[in-house]
Amino acid sequence: MTVGQGADTHLVVVQFAGDIHEAIARRTAGQPETYFAQFYSIAAIEDQVSVFGRVTSLTVVTDGPHDVVESSGMRSVGLGLTSGFSEVEVIKALVRLNPTHIIFRAVMRKAISWAVREQKQVVCVFAESLTNLGFRNRLRNRRLAWALRSHRVRWVGCYGIGSAETYIAAGVDPAKIVPWDFFHAGLSNDLKPKTLAETGTGKVLYVGAMTPAKGVDDLVAAFAILGKSHPRISLTLVGNDKDDRLKKVIAALPQTFDCTQVPFVPNHLLEEFMSEFSVVVVPSRHSYPEGLPLVLTHAMAARVPVVASDHPMLVRVLTHRQNAMIFPEAQPQALADCLAELLGNADLYRTLSASSGTSLKKIVLPVKFHELCAYGFQDGTRGAAWLRANAFGTTGRRSH
């Protein structure tokens, strides 16, 4: 049986950012997706149109407001808010939409608490982990856990085992936590391991948000150090540099290194693009709520060695000098040293590249995003049993 699904039901899927209407238009025109699993995740929501009376995708941060019924029958609503939005606005939108069921794709404690009080059926599918740094974060985590413990919240999907453990530490019942990842078709993992053609030279790649918390400022600072002794190591940065913030940071540094900024690489070309580089760097600071960066899975599939910070979510799957080089967060000198060591040691480089295929298999999880969407509100079905069998409390897993 299912939970209240039918003609009189309304499912609303709440996500932080990403213009669903614009993405659907690109898909219809045969244009590529802009990030991994974008079209797949939209299709997972559209599939619910045949199950619920109404399905609405509610995106909080969009370039402007919109309210459109797509050809699939799914309604796409964009609130047009900026990243500093108040959850009061999200709650107002939910009141207007009056859903019976809600899937939260982002941590919005106040909105989730409202949904619980209003007796909505809730499934959470979170991509971010919880950080326990500072009293305010710990207090927010406890309040979030209180809301998530409600019987109205049926499942708490967490992107990766490490992320799941942060929610358990906050006080969420392990029996309702389901570790998940995206559909990994398209991660080829059929490329041969890479070798260093010449030590002391190489091309380093960063893909992601151009923000200090993601560690990109630490990376360019490391290159300002590295460039003095290793001028043949170059840096390429892929991502939207809003208002040229990072470009200004780079301009203020000693011009001792070669740096190229690329605003965008289509997702379907990303692994091929990565394969042309020597190293991929994932320098996230601990304050950034990483789940498991997709850039990491792409790098492993492309067999490109990784240099990463010691972010708790990264060291769950990466081990220093075994399948990555690890440096202490926010320490440019240590990052520069890792890059110099890796690109100066052909045997170490070969080891890290060769280990990437095995590492990729270890981080892939059985439950996928579409299964949480499809089975999350079900009882007494094979799908519901599948989620229950893979819940953290059932499996008792503590590592991959």
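The values are calculated or read from the model by the stated rules, or taken from the named source; none is laboratory data. Here the structure is a predicted model, which is why all the values come from computation and not from measurement. When we count neighbours, we look across all protein chains shown, and the Cβ atoms used for this are built from the backbone with ideal geometry, even at glycine.
Laid out as a table, the results:
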item: Single condition Ala354 does not satisfy, out of (1) surrounded by 18 or more Cβ atoms within 10 Å (Cβ to Cβ); (2) closer than 27 Å to Val306 by Cβ; result: (1)
item: Some residue of the range 104-125 being among the basic types (Lys, Arg), assigned to a loop (DSSP other than H, G, I, E, B) and under 30 Å from Thr166 (Cα atoms); result: yes
item: Single residue of the range 98-149 satisfying the filter (out of contact with any Cys (no Cβ under 8 Å at 6 or more places or on another chain) and among the aromatic types (Phe, Trp, Tyr)) that is farthest from Ala374 (Cα to Cα); result: Phe135
item: Candidate set from the range 325-343 (those that are out of contact with any strand residue (DSSP E or B) (no Cβ under 6 Å at 6 or more places or on another chain) and acidic (Asp, Glu)); member that is surrounded by the fewest Cβ atoms within 10 Å (Cβ to Cβ); result: Glu341
item: Count - residues of the range 252-310 that are part of a loop (DSSP other than H, G, I, E, B), surrounded by 23 or more Cβ atoms within 10 Å (Cβ to Cβ), at pLDDT 90 or above and under 15 Å from the mean Cα position of the chain (by Cα); result: 2
item: Subset tally (residues that are at pLDDT below 95 and among the aliphatic types (A, V, I, L, M)) for the range 325-366; result: 5
item: Exclusive hit being in a helix (DSSP H, G or I), under 17 Å from Lys120 (Cβ atoms), modelled with pLDDT of 95 or more and not hydrophobic (A, V, I, L, M, F, W, C), set Gln15, Gln48; result: Gln48
item: Residues within the range 114-124 that are on the phi < 0 side of the Ramachandran plot and either surrounded by fewer than 22 Cβ atoms within 10 Å (Cβ to Cβ) or in contact (Cβ under 8 Å) with a residue 40 or more places away in the chain (or both), tallied; result: 7
item: Matching residues, the range 63-90, being touching a helix residue (DSSP H, G or I) at 6+ places or on another chain (Cβ under 8 Å) and either surrounded by fewer than 18 Cβ atoms within 10 Å (Cβ to Cβ) or assigned to a strand (DSSP E or B) (or both); result: His66, Val68, Ser71, Ser72, Gly73, Ser76, Val77, Gly78, Leu79, Leu81, Glu87, Val88
item: Index of the failed condition, Ala346 passing every other in (1) surrounded by fewer than 17 Cβ atoms within 10 Å (Cβ to Cβ); (2) small (Gly, Ala, Ser); (3) without any contact (Cβ under 8 Å) to a residue 40 or more places away in the chain; result: (3)
item: Among (1) in contact with an Asp or Glu (Cβ under 9 Å, 6 or more places away or on another chain); (2) among the small types (Gly, Ala, Ser); (3) under 30 Å from Thr351 (Cα atoms), the one test that Gly239 misses; result: (1)
item: Residue check, Arg109 within 28 Å of Leu294 (Cα to Cα) and surrounded by 23 or more Cβ atoms within 10 Å (Cβ to Cβ); result: no
item: Neighbours by Cβ (under 6 Å, 6+ apart or cross-chain): first from the range 61-78, closer than 18 Å to Leu94 by Cβ; second among the small types (Gly, Ala, Ser) and assigned to a loop (DSSP other than H, G, I, E, B); result: Val61/Ser83
item: Residue match in the range 49-71 (condition: aromatic (Phe, Trp, Tyr) and more than 30 Å from Gly162 (Cβ to Cβ)); result: yes
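Residues are listed down the side, and each one gets a yes or a no for (1) surrounded by 16 or more Cβ atoms within 10 Å (Cβ to Cβ); (2) β-branched (Val, Ile, Thr); (3) under 14 Å from Arg109 (Cβ atoms):
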residue: Phe126; (1), (2), (3): yes, no, yes
residue: Phe135; (1), (2), (3): no, no, no
residue: Arg138; (1), (2), (3): no, no, yes
residue: Val156; (1), (2), (3): yes, yes, yes
